[in-house]
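Q: Below is one structure. I have some questions about it.
No lab work stands behind these numbers, since they all come straight from the coordinates. In this text, all values refer to a predicted model and were calculated from it rather than measured experimentally. Virtual Cβ from ideal backbone geometry, glycine too; neighbours counted across all protein chains shown.
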Amino acid sequence: MHLILLGLPGAGKGTQAKLLADKHGLLHVSTGDLFRAAAAEGTDLGKRAQEYMSRGELVPDEVTISMLLDRIAKPDAAAGVMLDGFPRTIPQAEALDAALEARGERIEGVLYIKVPEDLLMARLTGRWSCGNCGAIYHELTNPPREAGTCDVCGGALSQRADDRPDTVAKRLETNREWTEALAAYYEQQGKLHGADGTGEPADVTGRLEAILSKLSGAAA
Ligand code: ADP
Ligand code: AMP
């Protein structure tokens, strides 16, 4: 089963993917994480992506699509992926549909996590994540036991450069229209499932689990 987590930056896609993907035997694939890893390694792709990320803009489709399709062609993605942050444009969605169709596969469902925009700035500017295992925290709503240290693996926590208020504002502006367009694209395919992304992370997980049980029931 291949799934997409759709939602504006800060909606909780990464947080929920970490809680749900393993449990459902899916590989969590975040294009943001792939770009950050490439940037940390200093590859050409990473350097190119970094220019766009630091401005809060989307990395061009041709770079993003080929990176994502390469990743999901690897054996560990065969059982199913939970995509986080991809697709972000209609050409990306179309390229994904075409690539999966060529493998005789499809996206089974799109979980659209909805959070009012006025909550997103506070979520993103308070986000900290672990450079080692990727665990996600929030300095107010989900702080680590010891400031700066990951509860899961003891790694160092850091804040993303693109989570500064001016870049967050730009990222929200960039993603707003595309997110609506993608919701309409998958609605038309009958695959869109909306979930309220407010409240405790565990409450959101419960809402997404309810959708997943319906989807697995339908697939069985
Ligand atoms: P996304 O991957 O959609 O950009 P994240 O999962 O990284 O979003 O979450 C963004 C920030 O919001 C993080 O600091 C995270 O701890 C916090 N967060 C996630 N879900 C919730 C929630 N339900 N309530 C409050 N804060 C949350
Ligand atoms: P994220 O970690 O999902 O918040 O993504 C961080 C940044 O990576 C975004 O602001 C974009 O610059 C870039 N990015 C991630 N995914 C995509 C995508 N599917 N298309 C274009 N750019 C992306």
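Q: Expressed in nm to one decimal, what extension gain is obtained for the pair Arg145 and Asp44 from 0.36 nm per residue of sequence separation less their Cα-Cα distance?
A: 32.6 nm
Q: If R₀ is 30 angstrom, what is the calculated FRET efficiency for the pair Lys74 and Ala218, using the beta carbon separation as r and rounding to 0.05?
A: 0.65
Q: Restricting the count to DSSP beta bridges whose residues both fall in the chain, what percent are antiparallel, rounded to a multiple of 5?
A: Beta bridges within the chain, antiparallel portion: roughly 30 percent.
Q: With 20 Å as the limit, write out which pairs from Lys18/Lys114; Lys47/Lys114; Lys13/Lys191 have Cα-Cα distances beyond it, or answer none.
A: Lys47/Lys114
Q: What fraction, in whole percent, of alpha-carbon pairs in the range 6-91 exceed 15 Å separation?
A: Value for the range 6-91 (Cα pairs over 15 Å): 60 percent.
Q: Under the definition of Cα pairs under 8 Å and six or more residues apart, what whole-number percent is the relative contact order of the range 27-148?
A: 19
Q: Then there is this: Trypsin sites (Lys or Arg not before Pro) within the range 144-189: which are DSSP loop residues with at most 13 other Cβ atoms inside 10 Å?
A: Arg145
Q: Continuing with the same structure: Just to confirm the filter: which trypsin sites (Lys or Arg not before Pro) across the range 55-111 are DSSP coil and have at most 14 other Cβ within 10 angstrom of their Cβ?
A: Those that pass, being in a loop and sparsely packed, are Arg103, Arg106.
Q: Something else: Is there a quick way to get the dipole size of the range 143-193? I mean about its Cα centre, with the Cβ of Lys and Arg at +1 and of Asp and Glu at -1; what is the value in debye to the nearest 20?
A: Magnitude of the dipole: close to 60 debye.
Q: Turning to a different aspect of this structure: Return the whole-Å distance between the Cα centroid of the range 72-95 and the Cα centroid of the range 21-56.
A: That distance is 13 Å.
Q: Only loop residues by DSSP count here, and only those with at most 10 other Cβ atoms within 10 Å; note down the GluC sites (Glu not before Pro) in the range 128-182 that meet that.
A: For GluC sites (Glu not before Pro) across the range 128-182 that sit outside H, G, I, E and B with at most 10 neighbouring Cβ atoms in 10 Å, the list reads Glu146.
Q: Note down the relative contact order for the chain as a percent, whole number, built from C-alpha pairs under 8 angstrom at least six residues apart.
A: It comes to 29 percent, rounded to a whole number.
Q: Still on this model: Counting only C-alpha contacts under 8 Å and six or more residues apart, can you give the relative contact order of the range 98-220 as a whole percent?
A: Reported as a whole number, the value is 31 percent.
Q: Rounded to the nearest 20 Debye, what is the dipole magnitude of the range 1-158 about its Cα centre when Lys and Arg each give +1 and Asp and Glu each give -1 at the C-beta?
A: Roughly 300 debye, rounded to the nearest 20.
Q: How big is the chain along each principal axis, measuring the range of its Cα positions in Å and listing the largest first?
A: 46, 40, 33 Å, listed from the longest principal axis down.
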